[in-house]
Amino acid sequence: MQAAERFIGGLTEAFERGASVVRMTSAPSYRSALQKSLRLLEWQPENRWPLVVVDGTPEVEAIKTQLEGEVEALATGLAEEGIVLPAASRPDPPADPLGEARALYDDHELGRGVATAHLGLHLGLAAERVVAGAGDYIDGLGLVLLPPANLGAVPEDVHRYAQLVAHLSRVAIAAPKLRLMAYDPGEGLAEVAPLVVPFAIDEAALQRYLEEAAEQAHEATADRPVAGVAGSNGAGGGARLSPTQRREVEEDLGRKLPSDDVAATLRTALFAAGRQMSEGAFSEAAQGLRAAAMLCRLSALPAEEVVVSLAAGSAWLSAQEQERALIAFAEARRLAVKYGLGVALQIQAHLGTGGVHLMAQAWSDADAAYAQALAAAEGGDEKNDDAAVPVALVVELWRLRAHCAAEQSAWDAAVGHAEAALATAEARVESPVALEATTLAYLVDQLGPRLEAAGRGREADVIRARWEALRFEVLGSHLSGSKVMGAEKEAGGR
């Protein structure tokens, strides 16, 4: 959360100081976290800049289409609140479209250049339209470009993206009601957008913090008895749980507590494995985790063994040792079922198994694993009848099944799985933040074009329509709730 707060703070500071264009950077693995942070920024009560987030390879026509669709959706939502935007107007053509195009593109790409110039005009008009009708609530529009993290693998794509950002930067600087936030997968935008706001997690600091916290916790519990904290009457000095207290705690928890020595050994092994993973030494980390799992087994600690086995499976997968990863995940699943440790651990094991098959492009095997995970989720949690599997996880499982079906050209199944994901969200999602935590947008964006290419455009349209309807319903409920809370607060003030 600190990384998100720093990122949001950096964007806020940049814009408060008058910036119109910001280049965003992150490690490839943190791109999705950066995107969620942007959504978190957008849903802050004090935010007055709705965002148009273009997730994927930025093509001019796709950006224009999405812009028009989202502004119309915003207009519809505002109209329900009694706020009417002026009618959309068509931009005048550029005075010298070929001249502007040649300033950005080679002669054989002048068509792209002209389209880019028109897009800039559309952006400026859209921002002015929104502010003209809702200026009491909205200060402008923010355009977010989020190309894939692997965009840098194709130099031509990087070059075209930089050209697009260069032109849109000039548009944003000239249009006070428009902001541009462009994600830079590499360093391709350093010259055209020099102001950078990074999304970064200090992994070394995080590792030090965890180690220090664990050591402090160990020292604290060595000097005083703490209910629920593992302790023995062995060496180490200080007060410990008495045998009677220990039995009572274990009965309350429904599991055995590790001794101090075992707990300390496990902490050391897990921290070492985490450091090795961060350094790319995946095989070494997996070997250490395997030894830790054996220690858990010898100490009769099945819950801890399941967790460590899941971590070992992930390490083996990162090391490209797929067979060993499958063995680790299967063992974790077996133990979770045998000892009745709840569905959450079973689902994680099925997800791990599916991930191994997904990497090997064994689509039917991956689908079977995700189907088993969904079956476990729908079966409930025998450890806690009130515990519901997070809706984002259920949606992701359906998305993964839709992906596996699409890879096999099983379009009926793909559509069915996508509809199940939407139905899950329609039944359980109640806030914009919860909706953004799901992968529904990614599902719709990825599956829609594939259905159209397969001649199933009507079904793609239905899925998109359901997604947009869900977004508006959730947003409308959120806005209505905010207005009620605001009215209550104002009444209370009086």
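Kindly establish whether Y183 is among the aromatic types (F, W, Y) and at pLDDT below 85.
Numbers: among the aromatic types (F, W, Y): yes; at pLDDT below 85: no.
No; evaluated as a whole, the condition is false for this residue.
Pull up the stretch 56-74, narrow it to residues that are of a type in the set (A, V, I, L, M, F, W, C) and in contact with a helix residue (DSSP H, G or I) (Cβ under 7 Å, 6 or more places away or on another chain), then point me to the one that is surrounded by the fewest Cβ atoms within 10 Å (Cβ to Cβ). Break it down into steps so the answer makes sense when it comes.
Of all residues in the stretch 56-74, those of a type in the set (A, V, I, L, M, F, W, C) come to 60, 62-63, 67, 71, 73-74.
Cutting the leftovers down to in contact with a helix residue (DSSP H, G or I) (Cβ under 7 Å, 6 or more places away or on another chain) gives us 60, 63, 67, 71, 73-74.
Numbers: V60: 22, I63: 21, L67: 19, V71: 21, A73: 15, L74: 23.
For the stretch 56-74, the residue satisfying everything is A73.
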* **Pairs, first surrounded by fewer than 16 Cβ atoms within 10 Å (Cβ to Cβ) in the stretch 358-377, second among the charged types (D, E, K, R), C-beta under 9 Å, six or more apart** => Q361/E407
* **Meets criteria (under 13 Å from L141 (Cα atoms) and among the aliphatic types (A, V, I, L, M)) for L85** => no
* Tell me, please, whether a residue that is within 20 Å of the chain's Cα centre (by Cα), within 29 Å of F329 (Cα to Cα) and in contact (Cβ under 8 Å) with a residue 24 or more places away in the chain can be found in the stretch 413-420. => yes
* List the pairs whose first member sits in the stretch 453-469 and is in contact (Cβ under 8 Å) with a residue 60 or more places away in the chain, whose second member is surrounded by 12 or more Cβ atoms within 10 Å (Cβ to Cβ), and whose Cβ atoms are under 7 Å apart, counting only residues at least 6 apart or on separate chains? -> E468/A73
* Would you check if there is a residue in the stretch 310-330 being aliphatic (A, V, I, L, M), crowded, with 22+ Cβ neighbours inside 10 Å, part of a helix (DSSP H, G or I) and in contact with an Asp or Glu (Cβ under 7 Å, 6 or more places away or on another chain)? => no
* Asked: So, in the stretch 336-367, of the ones that are farther than 14 Å from S318 by Cα and hydroxyl-bearing (S, T, Y), which residue ends up modelled with the lowest pLDDT?
  -> Y339
* To do: Identify all residues within the stretch 13-37 that are free of Cβ contacts under 8 Å to residues at least 12 places away in the same chain and under 10 Å from V197 (Cβ atoms); write none if there are none.
  => E13
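Filter the stretch 163-179 for residues that are in a loop (DSSP other than H, G, I, E, B) and basic (K, R) and give the result.
The answer is K177, and nothing else.
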* To do: Considering every residue within the stretch 33-40, establish whether at least one is buried (at least 17 other Cβ atoms within 10 Å of the Cβ) and either among the polar types (S, T, N, Q) or within 15 Å of H122 (Cα to Cα) (or both).
  => yes
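The values are calculated or read from the model by the stated rules, or taken from the named source; none is laboratory data. Remember, predicted model here, so these are calculated numbers, not experimental data. We place every Cβ from the backbone using ideal geometry, glycine too, and count neighbours over all the protein chains shown.
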